[in-house]
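Just so it is clear, none of the values below were taken in a lab; they were calculated from the coordinates. Bear in mind the structure is a predicted one, so any value in this text is a computation, not a measurement. Cβ coordinates were reconstructed from backbone atoms using ideal geometry, including for glycine residues, and neighbour counts include every protein chain displayed.
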Amino acid sequence: MRVVSGIQPTGNLHLGNYLGAIRNWVRMQDEGECLFFLADLHAISQPHVPAELAANTREMTAALVACGVDPDRSVLFNQTQVPAHAELQWLLNGTARMGWLNRMTQWKDKAGKNREGQSVALFTYPVLQAADVLLYQATHVPVGEDQKQHLELARDIAQKFNNDFASEDAPVFTLPDPIIPPEAARIMSLRDGSAKMSKSDPSDMSRINLTDDADTLMNKVKKAKTDPEVLPSERAGLEGRPEAANLVGIYAAMAGTSVDEVLRDFAGKGFGAFKPALGELLVEKLAPINARFIDLRADRTALDAILRKGAEKARALGAPTLSRAYEALGLVRG
């Protein structure tokens, strides 16, 4: 089992990132060979500030390690240091089809009405995602609902490439299978229970950053939007109460229990009792991550060494596949 997954270095990780993806990355280290990367090449598909991208790449490396991604047990690197990602994307561009990319929901959402004004990189973003996983013969890729379509595209590209340029007995690419996180925690904004917790939300009070200290955590939970009703004894009682459902869901995910069990413990109690309990739980679970992150973030040399070491491993793992792809296409390399 070889797992490959990436995350864009666009700023601080928040609780939604941790519960939705990063915590599962940490667990996967016990289940198979893992490659985790900072998708800095993806980040330039849209407007960005170069100095911020460089700083965010290091900062997110520190956050991932603080969360439990172990550079000695996994391969942790940034795309830029492995040119094979971009090389393989170009090779796969000959196999990918315009019609396939035009159907990508994220392309439509991000481009909006101004498709003509978008970068080519944004349009071909899913081909680079395909290269990211196919380069390493990934057997499994963790995906959320918003990325299922891109993994299906990667499988389509791999299948067509194998059919067109390889024999059935010796395919160039492995077709990766999705890993659906067992809990699939979907964490919503603290200010709007109908919107996902997001780094792009202008209000910092809408999210819990993994870099928040104890006082900040408690204050954000205290001021989180709720309703005047008490907590119900059963999950059905949370219907139509998105903010209440979100806070209960966060408690359950952090405590490693179920929503039903949380409701049994707090049934009939108001948020005046629930919020302090949630805040204390978050502080207990996130304080060690915060402390480790602060130490790591200050050591740029150590962070660069982690990324350099991971990139060396990734280049070695990806080289055979890239060579086979060149050879299959009839391209002569020196």
Under a Gaussian network model of the chain whose springs join Cα atoms within less than 10 Å, the largest fluctuation of Ala298, Ala51, Ala131 belongs to Ala51
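Nearest 5 percent is fine: what portion of the DSSP beta bridges confined to the chain is antiparallel?
Details: 3 of 17 bridges.
Looking only at bridges with both residues in the chain, the antiparallel portion is about 20 percent.
Roughly speaking, what is the stretch gain from Ser323 to Trp100, that is 0.36 nm per residue apart minus the C-alpha to C-alpha distance, in nm to one decimal?
On the way: separation 223, 0.36 × 223 = 80.28 nm, distance 2.58 nm.
Working it through step by step, the gained length comes to 77.7 nm.
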Matching label, Rg and Dmax of the Cα atoms in Å computed from the structure shown, candidates [x] 19.5, 60; [y] 19.9, 65; [z] 21.5, 73:
[z]
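Would you mind calculating the gained length between Asp304 and Ala214 on full extension (0.36 nm times residue separation, minus the Cα-Cα distance), in nm to one decimal?
Contour length minus Cα-Cα distance gives 29.5 nm.
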Could you tell me which helices of the chain pass both thresholds, a Cα extent of 15 Å or more along their own axis and a mean Kyte-Doolittle hydropathy of at least 1.0, with helices taken as whole DSSP H runs?
120-134
Lys/Arg Cβ at +1, Asp/Glu Cβ at -1, dipole of the stretch 33-157 taken about the Cα centre: which of Val75, Leu92, Gln137 is farthest positive-ward?
Leu92
FRET efficiency for Val49 and Glu229, using Cβ-Cβ distance with R0 set to 56 Å, rounded to 0.05:
0.80
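About the Cα centre of the chain, what is the dipole size in debye to 20, counting +1 per Lys and Arg Cβ and -1 per Asp and Glu Cβ, all else neutral?
560 debye
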What is the list of residues in the stretch 66-94 whose amide nitrogen lies under 16 Å from a point 7 angstrom out from the Cα of Ala170, following Cα to Cβ?
none
Using amide H atoms built 1.01 Å from N in the peptide plane, name the residues 5+ places from Cys34, or on other chains, whose amide H lies under 5 Å from its own.
Val3, Val75
Would you work out the charge dipole size for the stretch 140-283 about its Cα centre, treating the Cβ of every Lys and Arg as +1 and the Cβ of every Asp and Glu as -1, and quote it to the nearest 20 debye?
600 debye
Would you please give the residues with an amide H less than 5 Å from that of Met188, counting only those at least 5 places away or on a separate chain, with H modeled from the backbone geometry?
Met197
How high is the relative contact order of the chain, in percent, with contacts defined as C-alpha pairs under 8 Å that are six or more residues apart?
23 percent
Taking a ≥ b ≥ c as the square roots of the eigenvalues of the Cα gyration tensor, with a/c under 1.5 meaning rounded and otherwise prolate when a/b exceeds b/c and oblate if not, the stretch 204-295 is prolate
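So if each residue of separation counts as 0.36 nm, and I subtract the Cα-Cα distance between Asp72 and Ile180, what length gain in nm does that give? Walk me through the numbers on the way to the answer.
Details: separation 108, 0.36 × 108 = 38.88 nm, distance 2.51 nm.
Here the answer is 36.4 nm.
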